[in-house]
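Reviewing the structure listed below.
The values are calculated or read from the model by the stated rules, or taken from the named source; none is laboratory data. All of these numbers come straight from a predicted model, not from anything done at the bench. Positions of Cβ are backbone-derived with ideal geometry, glycine not excepted, and every protein chain shown enters the neighbour counts. Ligands, DNA and RNA are stripped out before the accessible areas are found, and what is left, the full protein with its side chains, is counted by its heavy atoms. Shrake-Rupley method; radii C 1.70, N 1.55, O 1.52, S 1.80 Å.
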Amino acid sequence: MQAVSAGLLAGFVGFASSFAVVLQGLAAVGASPAQAASGLMALSIAMGLAGIVLSLRLRLPVSVAWSTPGAALLAATAAPAGGFAEAVGAFLLCGALLTIAGLWKPLGRAVAAIPAPLANAMLAGILFTLCLAPVRAVAEQPVAGIAIILAWAVMARVNRLLAVPAAVAVAVGVIAASAPMPMEGWVPRPELVVPDLSFAAVTGIALPLFIVTMASQNIPGLAVLSANGYRPEAGPLFATTGAFSLLSAPFGAHAVNLAAITAALCAGDGAGPDPARRWVAAVVAGCVYVLFGLLAGAVTVFVAAAPPVLIQAVAGLALLAPFGGAMLGAVHAPQGREAALVCFVVTASGVAFLGIGGAFWGLLAGGGMMLLARWRA
């Protein structure tokens, strides 16, 4: 029962804490409300099934999640010129790269070799603008904005894991009391998108999405498992999540990967005294994700009826902790700090050049500064 309760909590927290970020990201790259609902459904079902398959096969608490940093990247990216079809093409390419990283070790090693300060700085730059949303919400809708932030702050003192779900609950109450609800679209329907691809989508979406997913989700996810005494081979885990990303991408899903926070819930002592039985928690969490996937239409309709700034505020609160961790990782070590700051500033600027987004240029600029520093030394 302890493993079951841990799995239920992991599934609820994993979905409620960041679904707003996912919907924001899909909408930013051109998804219609129906396509966003399809993408949320595909992501939830894919990560649920992937976690169930891996945990049952390996008898390990392998928790799988959608790429929250990846969704934040999408939210900070301009819609491709070719619309959502180009974004879906980029999702497919990212899924292929994730699969290859698991099957072909040199690619996985190459991503792991990206200096941690640069990877963290790029992620921090992506998250920065989104983390300002709660402040904007207070300026535009003071009563609702302050209520959401207070719920988050008070619950964080009681149980940090439930802080964002508490903010979601208050936002739901505010929206339900003030926004008229449409009568259609409550049942999610898979929306198959014929993919397209362009150079801008490859460099502005696919490659940064692959890098942040590997550096900010897959590698930390392995570290959480290792810290709790589980040391599975990385390749099959990456390949499996990449395969589920490929299968779900045509329906609007950006990427699934190893979880980090929910992995700690499923692999830690809270999931039971017997480490050999904690895989049950990950299976239960996967079942919860699948259930939430079937409710994705209702979630999307509700969010679409809400004032955008309130949904952005919830998303911003959900991303504060990842932003803080990324900034700390970027500037913690004096060596490479200047290069990391350059990467952060360029990425956070959001400036696109030659049709390529700021995340790619930030990583390039920071890498150039790091190479220059080494050459001068």
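On a full-extension model of 0.36 nm per residue, what is the gain between Q335 and S226, subtracting their alpha-carbon distance, rounded to one decimal in nm? Can you show the working numbers first?
Numbers: separation 109, 0.36 × 109 = 39.24 nm, distance 2.72 nm.
Computed gain between Q335 and S226 is 36.5 nm.
What does the C-alpha gyration tensor say about the overall shape of region 1-119? Classify as rounded when a/c is under 1.5, otherwise prolate if a/b is larger than b/c, or oblate. Could you put the intermediate results ahead of the total?
Values: a/c = 1.86, a/b = 1.19, b/c = 1.56.
Oblate.
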Let me have the 222 nm mean residue ellipticity of the chain computed from DSSP H runs of 4+ only, each contributing -39500 (n - 2.57), with the sum over all residues rounded to the nearest 500. -22500 deg cm²/dmol
Mind checking the dipole of region 220-347: about its Cα centre, +1 per Lys or Arg Cβ, -1 per Asp or Glu Cβ, Debye to the nearest 20? 40
For region 37-45, Karplus-derived ³J(HN,Hα) couplings (6.51, -1.76, 1.60; θ = phi - 60°; whole Hz; x for glycine and proline) come out as 4, 5, x, 5, 4, 5, 4, 4, 5
In units of 2.2 N^0.38 Å, the Cα radius of gyration of region 116-237 is 1.45
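If we sort 214-224, 147-157, 280-290 on the protection proxy, mean other Cβ atoms within 10 Å, highest first, what's the order? Before the final figure, lay out each step's value.
Numbers: 214-224: 22.5, 147-157: 17.4, 280-290: 25.7.
Descending packing order for the listed peptides: 280-290, 214-224, 147-157.
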Need the C-alpha centroid separation for region 104-137 versus region 283-340, integer Å. 13
How long are the semi-axes of the ellipsoid equivalent to the chain, from square roots of 5 times the Cα gyration tensor eigenvalues, in whole Å, largest first? 28, 26, 22
For the pair A78 and V4, how long in nm is the line joining their label points, each one 7 Å along Cα→Cβ? 5.3
Roll a 1.4 angstrom probe over the protein heavy atoms and tell me the percent of accessible area of the chain that is carbon or sulfur. 72
Label-reachable residues, region 262-290, where backbone N falls under 15 Å from a point 7 Å from L56's Cα toward its Cβ: 279-290
Go through region 2-8 residue by residue and turn each phi into a ³J(HN,Hα) via Karplus (6.51, -1.76, 1.60, θ = phi - 60°); whole Hz please, and just put x for glycine and proline. 5, 5, 5, 5, 5, x, 4
What order do you get for 232-238, 46-52, 29-35 when each peptide is scored by the mean count of other beta carbon atoms within 10 Å, highest first? 46-52, 29-35, 232-238
